[in-house]
Each structure stands twice: as structure tokens, then as C-alpha cells.
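Trainee: This is the structure I want to talk about, given as C-alpha cells.
The values are calculated or read from the model by the stated rules, or taken from the named source; none is laboratory data. Bear in mind that the values here come from a model prediction, so they are computed numbers and not experimental data. Glycine gets a Cβ as well: all are built from the backbone with ideal geometry, and neighbour counts include every protein chain shown. Areas reflect the complete protein model, heavy atoms only, side chains present, ligands, DNA and RNA absent. Shrake-Rupley method; radii C 1.70, N 1.55, O 1.52, S 1.80 Å.
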Amino acid sequence: MRTVVWSIVALALPTGVALGQPILPVPESAPPMEFGVAHPANVEGMPYVRPPMPVAGAPIEVPPGPMFWIDGDYLLWRSNGGLVPPVVVGIYSSANPPLPIDPRMSFPVSDDHINGDLQSGYRLRAGMWTDKPQGTGFEAIYTSFLHHEVLNTFFGGWNSILGRPFVDVNQRSEALLQMSNTLGTLQGVAGVHTQFDSDGFELNMLRRGPAMIGEQMHWVLGLRYWGLDESMTIEGASQGGNLRVASFDSFSTQNRFLGPQFGGQWLWERGRMSIDLGLKIAIGGMRQETTIDGGSTAMLANGAGIERTGGLLALASNIGDYDRTKLAWMRETSLNIRYRLADNVQLRFGYEFFWVSNVLRPGNQIDLGVNPTLLPFNNASLSGPIRPWYRPDGEIFWMHGFNVGLSVQF
């Protein structure tokens with residue numbers, strides 16, 4: 001019974017409150033009811049205003065921004081020098097009369113690395129966005145280092161003997177091709193000439209990704225080509241009396257890489273300043289070629305010349321052209337700081353590191369083991385091991401350095 005009473009009270013309270021409210025008259029200007037729903041009552045005589053209805057229209061236009069870009073950079077990079085065995089040595093000898101020559105007392109005068117100097121180059125980049133705002137794009141990049149040559153020349157002196165070292169494989173001992181003496185009766189000169197060339201080309205597609213760090217992030221997927229050409233030539237000449245002998249050994253290598261690459265680019269912007277970070281990795285085939293050549297010339301007292309194939313370290317046993325293909329990979333990391341000079345012009349300064357897993361370089365293709373019976377002017381019959389030989393030996397290559405340039409967007 002008590003439950004029934006409380007239920008009646010609960011229903012009566014809201015009904016009483018509703019009956020106690022005054023009923024406001026509906027103004028004559030109010031529009032009729034629509035779809036069975038009464039219009040809200042007019043308050044204090046205010047005119048009735050229909051709520052605005054949503055209107056379908058064109059989507060919001062996103063500002064496209066620049067759709068094309070062109071970059072130009074000056075590069076100043078240094079590479080790791082290629083390993084080279086001692087090819088020119090000297091021996092101190094101040095005794096009078098001179099003591100017998102001992103090759104074990106020699107010291108190298110030629111460098112143990114080549115092409116490790118600063119290299120100047122340039123890079124050109126052009127690209128375009130195919131949609132907005134910078135969702136998908138394509139770019140082409142060409143990089144080239146200027147032709148670089150170095151020539152080091154060495155002379156014998158009054159207290160030093162100049163020579164070309166090798167290992168006599170028949171005697172199994174160190175040996176020396178003497179080019180000068182301290183008496184002046186034998187005078188000689190030697191030179192080491194090196195060359196360096198490198199270039200590369202990329203064709204990439206850029207696809208906008210999640211900017212978990214920074215304001216923008218783009219995936220990079222493309223195709224990469226890279227080439228490295230180096231050469232090393234050892235020349236020597238000696239004159240004793242009316243006889244003059246000159247010789248040369250030449251070792252050249254070519255490396256050609258082609259393969260797909262992938263990576264990412266990240267961008268941070270703060271006013272006119274911005275920072276971009278790039279990482280790319282490429283995997284593909286490295287075509288490697290080696291060319292070995294040598295020759296010797298003897299000038300007699302009557303002016304007649306005698307030419308022979310082979311020098312000292314390039315003889316009939318290893319002279320020729322060789323090639324192979326190896327699987328290689330490379331990676332490139334870049335960090336650039338940009339400053340916006342104008343709305344579409346940016347000044348850029350950055351640092352890059354470039355690394356390759358396997359290349360052939362001239363110094364590693366030199367074999368110091370020599371069979372003296374193979375020397376050009378040795379008339380003895382061939383005996384003993386066939387040396388020098390060619391056994392390709394690859395090594396890691398890397399370059400790093402700074403770049404400065406301009407970027408124009410339009």
C-alpha cells in the first residue's frame with residue numbers, strides 16, 4: 001500500500017509544475033507547424049527566426065604551395081685513401097766507398113694511400129609535386145666530382161739511393177731495382193701519378209608519410225647509379241753512362257653500381273629556419289673492371305731504342321683487362337640547415353656521409369712478388385713461380401664533407 005502511495009506522489013509532482021506555468025500566446029506572425037512539430041514560443045515579443053539550414057558546397061581549397069624545385073650545391077668532400085704498398089723507396093748511404101745495398105734498410109718515400117685529398121664537386125637537383133599539399137613527387141639528382149690528378153716525383157741524392165722494391169719469389173727475399181747511387185755514376189728519378197673521378201645519378205619518387213617527428217616526412221623510393229674511376233701509374237728512369245732505361249707500371253680500376261634504393265626525409269621548420277634530415281640505402285650490382293699495363297724502353301748510345309712489354313710490377317703474368325660483378329650496398333646520410341632568403345629562395349648548408357661496401361682500387365691490385373726471369377731485359381729462361389699475379393681484392397670506400405647551395409621553388 002505504501003508503495004502505491006509513493007508512486008502516485010511521484011507522478012503528481014511534475015504534472016503540477018507543468019500546470020502551474022502560464023501559457024504564452026502564439027503570435028500571429030509565427031509560421032504554421034511543420035511535420036507535426038510546434039515552433040518554439042516567442043519570448044517577450046521577439047520576432048521568430050528560423051535556424052539556418054546546412055548548405056552543401058565546394059570543399060575547402062588547400063593552398064598548393066610551390067610545385068617545382070631546382071637546387072644547386074658546391075661539394076667539398078674527402079674520401080678515404082686507397083691502400084698502396086711501398087712502390088718507391090730510399091736507402092741512406094753516407095759511407096765512402098758505399099756499402100753494399102741491403103733492401104731491408106730501405107724506407108718508403110711514396111705515400112701509403114692515394115686519392116685521400118679533398119675533392120671538389122657539384123650537385124644538381126630538380127623535382128616536382130604531382131598533387132597538393134606535397135603528397136607525391138618525383139626528383140632527379142646528378143652528382144659529379146671534378147677530375148683530380150696528383151703527381152709526386154722523387155730523386156736520388158748524394159747521401160741516398162733511390163729504388164723500386166719487390167720480393168724475389170725465386171730467392172724468397174726482398175730485392176731492390178736500383179735507380180741511382182751516391183757516386184753520381186747512376187742517376188734516377190721516379191714518379192707516382194694518380195687520378196680520381198666519380199659521379200652519380202638518382203631518380204626518386206617521394207611519398208608523404210606520417211610526420212611523427214618534425215613537420216613533414218616523405219618516403220624515398222628510387223633507382224641509383226654511381227661510378228668511381230681511379231688510376232695509378234709508377235714511372236721510373238735511370239741513366240748510367242750512355243745507357244738510359246725508362247719503365248712504367250699502370251693500374252686502373254672502374255666501379256659501376258646500379259640498383260634500387262629506399263629511405264626517408266624529415267623536415268623541421270621554425271620561422272625562416274628549417275632543418276632536413278635524409279637517409280638512403282641502396283642495394284645492387286657493382287660492375288668492377290681492372291686494367292694492368294706496363295712497358296720498358298732502353299736508349300742505347302747510338303740513339304737506337306729497344307722496347308719491351310712489362311715494367312717491374314706489371315709483367316706478362318698480370319698484364320690485361322679483368323672484370324667481375326659483386327653484390328654491394330651503399331648508404332647516404334645528410335643533414336642540412338636552410339634559411340629562407342625570400343618566399344621561394346633558400347640558402348642551404350649541410351654535411352653528408354657516403355659509404356660503399358665493396359670497390360676495387362688501384363693499390364690493392366698490386367702484387368710485389370716478382371719472378372726476375374720475367375723482367376723485360378732479362379734473357380734467362382723462365383723458372384719458378386709465375387708472379388706477379390692478379391687477384392682482385394676489394395675494400396670499403398667512403399666520402400664525407402660539406403655542401404653549400406641554393407634552392408629555388410616555384
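Trainee: Residues that are crowded, with 18+ Cβ neighbours inside 10 Å and under 30 Å from the mean Cα position of the chain (by Cα): which strands (runs of 3 or more DSSP E) entirely in region 246-345 hold 3 or more of them? Lay out the reasoning, then the answer.
Mentor: Values: elements: 273-299, 305-309, 320-342.
In region 246-345, 273-299, 320-342 are the strands (runs of 3 or more DSSP E) which contain 3 or more residues that are crowded, with 18+ Cβ neighbours inside 10 Å and under 30 Å from the mean Cα position of the chain (by Cα).
Trainee: If Arg207 meets every condition in (1) assigned to a loop (DSSP other than H, G, I, E, B); (2) in contact with a His (Cβ under 8 Å, 6 or more places away or on another chain); (3) not acidic (Asp, Glu) apart from one, which number is that one?
Mentor: For Arg207, the exception is condition (1).
Trainee: List pairs: first residue in region 217-243 and within 30 Å of Ser180 (Cβ to Cβ), second residue of a type in the set (Gly, Ala, Ser) and surrounded by 20 or more Cβ atoms within 10 Å (Cβ to Cβ) anywhere in the structure, Cβ distance under 6 angstrom, at least six positions apart or on different chains.
Mentor: Here the result reads Thr233/Ser250; Gly236/Ala190; Gly236/Ser247; Ser238/Gly188, each pair linking region 217-243 to a residue that is of a type in the set (Gly, Ala, Ser) and surrounded by 20 or more Cβ atoms within 10 Å (Cβ to Cβ).
Trainee: If you don't mind, another one. Please specify each residue of region 158-190 satisfying the condition of being open to solvent by 30 Å² or more (accessible area, probe 1.4 Å), assigned to a strand (DSSP E or B) and of a type in the set (Gly, Ala, Ser).
Mentor: Passing the criteria: only Ser173.
Trainee: Filter region 393-408 down to residues that are of a type in the set (A, V, I, L, M), open to solvent by less than 70 Å² (accessible area, probe 1.4 Å) and within 17 Å of the chain's Cα centre (by Cα) and give me whichever is farthest from Ser198 (Cα to Cα). Break it down into steps so the answer makes sense when it comes.
Mentor: Step one: of region 393-408, the residues of a type in the set (A, V, I, L, M) are 396, 399, 404, 406, 408.
Restricting the remaining residues to those that are open to solvent by less than 70 Å² (accessible area, probe 1.4 Å) gives 399, 404, 408.
Then keep just the ones that are within 17 Å of the chain's Cα centre (by Cα); that gives 399, 404.
Values: Met399: 11, Val404: 19 Å.
So the residue we want is Val404.
Trainee: Then there's this: Applying the selection to region 203-219, what residues are open to solvent by less than 10 Å² (accessible area, probe 1.4 Å) and closer than 21 Å to Ser144 by Cα?
Mentor: Within region 203-219, just Asn204 meets the criteria.
Trainee: Among the residues of region 139-146, are any open to solvent by 80 Å² or more (accessible area, probe 1.4 Å) and either more than 30 Å from Trp69 (Cβ to Cβ) or of a type in the set (S, T, N, Q) (or both)?
Mentor: no
Trainee: Suppose we filter Ile101, Ile91 for residues that are touching a helix residue (DSSP H, G or I) at 6+ places or on another chain (Cβ under 7 Å) and either within 22 Å of Ile234 (Cβ to Cβ) or loosely packed, with under 14 Cβ neighbours inside 10 Å (or both); which single one remains? If you could, list the steps in order and put the result at the bottom.
Mentor: Details: Ile101 fails: touching a helix residue (DSSP H, G or I) at 6+ places or on another chain (Cβ under 7 Å).
Within the list Ile101, Ile91, the selection yields Ile91.
Trainee: Just the residues that are in contact (Cβ under 8 Å) with a residue 60 or more places away in the chain and outside any loop (DSSP other than H, G, I, E, B), please, taken from region 85-112.
Mentor: Passing the criteria: Val89, Gly90, Ile91, Tyr92, Pro103, Arg104.
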